[in-house]
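For reference, the structure discussed in these notes is given below.
The values are calculated or read from the model by the stated rules, or taken from the named source; none is laboratory data. Remember, it's a predicted structure, so these values are computed and weren't measured experimentally. Every residue, glycine as well, gets a Cβ built from its backbone with ideal geometry; the counts of neighbours run over all protein chains shown.
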């Protein structure tokens, strides 16, 4: 049985003649370890080791085990690969010579998004969040009080929307923030801060008025704000954020992408800092 046939049985799309490519771009076990660590966000404190590599029953392929951590709490992931370790089946066929983090970031559009920090910062954090989500409020506090102040201009932070369907004012809140941002970034950030800091005071009935209240210092043009809030284009922009999150496999909030590495949920500051520090230390 060929390696190509096995991947076809797994329901994977294989380009004929490509799967067993070697030569230029060939990898090795060290590349495989680095790739697995980065794609799965394995913290530096955990070891990643390739073990038990041998010829696979699939003609021309290798098989082995990736062990994460140390016994007795280690966990193992089996793999089958092309002979040069360039192509590997975990659940998908991955080219380990391609940076998985770059592949994720290539799916994210940051044009005209609410961002702060230098565009050329070495680390970019993209958050997909929901203004009504209590865990998102917790994540907001951690990020704004403990994480971002620790790195200042070393990090760029961008906020995107993932309003959940069971939160009735989350989507109108996302639209309101977009309409405030359309008049000035400062107004957008004021609404962002206001919703998370005053989450319990916001209702479906007052979500629009609260946005105007939070951005009062920016003196928004109310007529323009109202037109934007009722317009289809703003709702479409929020939907584009939701679709983008889905393309990344994100369905819960808050979800963070740090240079293409996923951090899901309202994690402690130390967990964010471990990924940021790792990225800042990378060459």
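A few remarks follow.
- Extreme residue, nearest to residue 152 (Cα to Cα), among residues of segment 90-116 that are touching a strand residue (DSSP E or B) at 6+ places or on another chain (Cβ under 8 Å) and at pLDDT below 90: 96
- Yes/no for residue 122 being in the same structural domain as residue 149 (by TED's automatic domain parsing) and within 19 Å of residue 34 (Cβ to Cβ): yes
- Flag not set for residue 174, criterion: in contact with a strand residue (DSSP E or B) (Cβ under 8 Å, 6 or more places away or on another chain), in contact (Cβ under 8 Å) with a residue 12 or more places away in the chain and in a loop (DSSP other than H, G, I, E, B).
- Restricting segment 269-283 to residues that are surrounded by 20 or more Cβ atoms within 10 Å (Cβ to Cβ) and touching a helix residue (DSSP H, G or I) at 6+ places or on another chain (Cβ under 7 Å), the residue that is farthest from residue 143 (Cα to Cα): 276
- Some residue of segment 39-58 being more than 25 Å from the chain's Cα centre (by Cα), modelled with pLDDT under 90 and either closer than 14 Å to residue 96 by Cβ or surrounded by 13 or more Cβ atoms within 10 Å (Cβ to Cβ) (or both): yes
- Condition broken by residue 84, with the remaining ones in (1) out of contact with any strand residue (DSSP E or B) (no Cβ under 6 Å at 6 or more places or on another chain); (2) modelled with pLDDT under 95; (3) buried (at least 19 other Cβ atoms within 10 Å of the Cβ) satisfied: (3)
- Residue 68 meets the stated requirement of being under 24 Å from residue 30 (Cα atoms) and not assigned by TED's automatic domain parsing to the domain that holds residue 186.
- Filtering 151, 159 for residues that are within 30 Å of residue 277 (Cα to Cα), outside any helix (DSSP H, G or I) and within 21 Å of the chain's Cα centre (by Cα) leaves a single hit, 159.
- Pairs where the first residue, in segment 55-82, is touching a residue at least 40 places away in the same chain (Cβ under 8 Å) and on the phi < 0 side of the Ramachandran plot and the second is part of a strand (DSSP E or B) and surrounded by fewer than 12 Cβ atoms within 10 Å (Cβ to Cβ), C-beta under 9 Å, 6+ apart: 61/55
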